[in-house]
1. Please go through segment 57-77 and pick out each residue that is away from the ligand (no atom under 15 Å from the Cβ) and either more than 14 Å from P34 (Cβ to Cβ) or part of a loop (DSSP other than H, G, I, E, B) (or both).
2. Among the residues of segment 78-136, count how many are within 15 Å of the ligand (Cβ to nearest atom), not aromatic (F, W, Y) and not in a strand (DSSP E or B).
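What follows draws every value from the coordinates through simple rules; no lab data is involved. Please read all numbers here as calculations on a predicted model, not as lab measurements. Here the Cβ is made from the backbone with ideal geometry for all residues, glycine too, and neighbour counts use every protein chain on show.
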Amino acid sequence: MSKKSLLLCILIALFSIALAGCEPPVEPPPPPDPTPTVVNDVLIFEVQAEEFQFTPNEFVVPVNQPVTFVMTSIDDFHTFTVKRDEADEENLFNLQVLAGFTDEITWTFEETGDYYLYCINHEDEGMVGTITVVEE
Ligand SMILES: [Cu+2]
């Protein structure tokens, strides 16, 4: 190999390394702020769903206060489903969000205590959480 072609090889190698370094990093969006915002007396919680967890997965809400959960699914069909108790058969509500979409539900909890949050599709993978309803 001549000196020239060796130099060319080195340059090509360096160039490819430089190019690789320039690719934008593939990063998930930052997790939502766990602190709710308040709009027209409604508490708004942003939630991110990604296999297999809600972020955040613990919420504290005042009783008899309308709250809106705005959920974005990063990677799959996830649900934000709430029961009064884990053992209950019936859901209080069930928000379903396809991958890449955002949807929301507004609910007023009328009883204090811990409510069971889960994703219907991924409960078995541990995609669960708690909504704690407290006296104001
Ligand atoms: Cu899920």
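1. Hits for segment 57-77 are P62, V63, N64, Q65, P66, T68.
2. Qualifying residue count, segment 78-136: 13.
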